[in-house]
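Visitor: One structure, as structure tokens, below. Some questions next.
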Amino acid sequence: MTRLDSIRAAEAKLLLPTYERNPILFVSGEGVHLIDERGDRYLDLLSGIGVNALGYRHPAIEEALLRQGRAIIHTSNLYYHEGQAELALRLTERTGLQRAFFANTGTEAWEGAMKLARAHAGLLRSEGKQIGTKFLALEQSFHGRTFGSVSTTHKAKYREPFGPVVPGVEFVRFNDVADLRAKFTDEVCAILVEAIQGEGGIRPLSKEFLLEARSLASSTGALLVIDEIQAGLGRTGKWCAYQHYGIQPDITTLAKPLAGGIPLGAVLCTEEVSRAIHPGMHGTTFGGGPLACAVAIAVIDTIDRDHLLENATQVGAYFLAGLHSLAERHEAIIDVRGMGLMLAAELDSADLAKHVVGEMLKRHILINCTSDTVLRFLPPYVLTPAHVDTAIAALDEILMAHSAAAHGALAGGETNHG
Ligand SMILES: *Cc1c(COP(=O)(O)O)cnc(C)c1O
């Protein structure tokens, strides 16, 4: 029995069966590569679902971990430490928002954003304004797995087994401005969107839709809340994906890449929204601890120092061009889309998408498939054009072999009929 086999057997007996893992045991990493227990190297184009933005064993992360680990790991939010205000300053400067709250994960940041929106609407009501408690969220959205987040997540399989979920959420058809206008009333306290949907298949909102959401919300005092947990902190080539649209949200959330692999989430909001919160209303034991904040500061400073927004833009454009050239050669690719290093190629069948992910894995390249048919690429920001060439060549080879096999099968079928 290999080490991997014994771990698989133990997990099968001991863990809740929530995951269908790939049969690989990673033991270390370096740059954009992961290394398994046999010493085999894998090109990682997924970075732990958009988390490992600086890749593996980045010296800036190691240095921050060691330095802060030796000083203090946890203090609780009953006392001050050096990191929260320093990190909040960096995040507010880069997002155009004014205040921060630190949580531990994406879903927890999103819960905070939802609570903040409800509390703000309550404040407006107490000031005599006509505003309700309803949330508008989007079809194909994904905001996390806890009750509030899952209530605003569209896919039924994530929500329905756990019903009743949090009431007061209505879903709007994706990019459907007329549907948004029809559902927006003074009952709505917030419009909740991802500027570019992640789990939903790397789907950017149209400029028209996001601008309309902004102006509808502003017209009643409702909030525009943008979930940047997957797209934010540089992945699209800007600090936040909404900055491609020239609008500002009232609240945004960050998490996945924020602390380079250490769990950390953030809720950022305007001064106006912050009026709704008073000491004791919201909080967390672990959120914004010294270790996570120190690493997040190192991540942000490294993105600046190494010009990684520019790298995400340039290498992302090169990657997107490569995917477009593949789409010209392979009919099975029905769409290519994304921004920066948040990219997708949509295929014409779920079986083929699964096949391609498996074949890429055999070639030691990690990607995944979301929304059944969408190949998703969320590589580290330190990706180079040479890594892109490797990935595009592998995809080309896999799709070529697939269409040759399909034509072979078709030719075989015709012979049978003949
Ligand atoms: C991953 C994700 C979440 C949830 O984050 P967790 O850390 O898994 O709780 C929420 N929103 C978006 C857009 C995400 O991609």
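Visitor: Counting only heavy atoms of protein chains, what accessible area per residue, in Å², does the chain have with a probe of 1.4 Å? List each step's numbers first, then the result.
Guide: Values: 19200 Å² over 418 residues.
In whole numbers, the chain has 46 Å² accessible per residue.
Visitor: Run the numbers on the chain and let me know its relative contact order in percent, using alpha-carbon pairs under 8 Å that are six or more apart. Don't jump to the answer; show the numbers that get you there.
Guide: Details: 774 pairs, mean separation 85.1, N = 418.
RCO, the chain: 20 percent.
Visitor: Please give the net charge around Gly201, taking every other residue with its beta carbon less than 10 angstrom from that of Gly201, where Lys and Arg add +1 and Asp and Glu add -1.
Guide: Numbers: positive: Arg203, Arg337, Arg376; negative: Glu199, Asp335, Glu346, Asp372.
Taking every other residue near Gly201 into account, the sum is -1.
Visitor: First measure r as the distance between the Cβ atoms of Ser206 and Arg21, then evaluate 1/(1 + (r/R0)^6) with R0 = 30 Å and state the FRET efficiency to the nearest 0.05.
Guide: Details: r = 36 Å, r/R0 = 1.21.
Plugging the Cβ-Cβ distance into 1/(1 + (r/R0)^6) gives 0.25.
Visitor: Expected output is a single nm value to one decimal: the length gained when fully extending between Arg305 and Glu397, i.e. 0.36 nm times separation in residues minus the C-alpha distance. What is it?
Guide: Details: separation 92, 0.36 × 92 = 33.12 nm, distance 3.70 nm.
Length difference between fully extended and current span is 29.4 nm.
Visitor: Continuing with this model, one more query. Would you look at the GNM of the chain, springs on alpha carbons closer than 10 Å, and say which of Asp351, Asp227, Asp186 moves the most?
Guide: Asp351
Visitor: Roughly how big is the chain's charge dipole about its Cα centre, with Cβ charges of +1 (Lys, Arg) and -1 (Asp, Glu), in debye to the nearest 20? Display every interim value, and only then the final one.
Guide: On the way: 38 positive and 48 negative charges, 191 e Å.
Its charge dipole is roughly 920 debye.
Visitor: Hey, another quick one. Per residue, how much space in cubic angstrom lies within the convex hull of the C-alpha atoms of the chain?
Guide: 177
Visitor: Something else: Jot down the radius of gyration and Dmax of the stretch 72-305, Cα atoms only, both in angstrom.
Guide: Considering the stretch 72-305 through its Cα atoms, Rg and Dmax are 16.9, 53 Å.
Visitor: Please compute the modelled spin-label separation between Met1 and Phe162, points set 7 Å along Cα→Cβ, answer in nm with one decimal.
Guide: Using points 7 Å along Cα→Cβ, the separation is 3.3 nm.
Visitor: I've got another one for you. Can you tell which of Ala137, Ala119, Ala255 shows the greatest fluctuation in a Gaussian network model of the chain with Cα springs below 10 Å?
Guide: Ala119
Visitor: Kindly report, to the nearest 10 Å², the accessible surface of Ser206 as traced by a 1.4 Å probe over protein heavy atoms only.
Guide: 40
Visitor: Taking a cut-off of 22 Å, what percent of all Cα-Cα pairs in the stretch 9-164 are separated by more than that? Could the numbers behind the result be given before it?
Guide: Numbers: 7993 of 12090 pairs.
Of all Cα-Cα distances in the stretch 9-164, 66 percent exceed 22 Å.
Visitor: Have a look at His324, Ala109, His402 and report the one farthest towards the positive end of the charge dipole of the chain, computed about the Cα centre with Cβ charges (Lys/Arg +1, Asp/Glu -1).
Guide: Ala109
Visitor: While we're on this one: Would you mind checking the pairs Lys115/Lys183; Lys155/Lys362; Lys129/Lys183 and listing those with alpha carbons more than 25 angstrom apart? Could the numbers behind the result be given before it?
Guide: Values: Lys115/Lys183 21 Å; Lys155/Lys362 30 Å; Lys129/Lys183 20 Å.
Checking Cα-Cα distances, Lys155/Lys362 exceed 25 Å.
Visitor: Regarding the stretch 180-300, what's the average projected area of the Cα-atom convex hull, expressed in nm²? Working shown, then result.
Guide: Numbers: hull surface 34.7 nm².
One quarter of the hull surface, i.e. the mean projection, equals 8.7 nm².
Visitor: At a 1.4 Å probe, what is the % contribution of carbon and sulfur to the accessible area of the chain?
Guide: Numbers: 10780 of 19200 Å².
Accessible surface attributable to carbon and sulfur in the chain totals 56 percent.
Visitor: Now a separate question. Which three extents, in whole angstrom, do the alpha-carbon atoms of the stretch 125-166 cover along their principal axes, largest first?
Guide: 40, 19, 13
The values are calculated or read from the model by the stated rules, or taken from the named source; none is laboratory data. Please read these numbers as outputs of a predicted model, since none were measured by experiment. Here Cβ is always computed from backbone atoms with ideal geometry, including for glycine, and neighbour counts include all displayed protein chains. Calculation scope for accessible area: heavy atoms of the full protein, side chains included, ligands and nucleic acids excluded. Shrake-Rupley method; radii C 1.70, N 1.55, O 1.52, S 1.80 Å.
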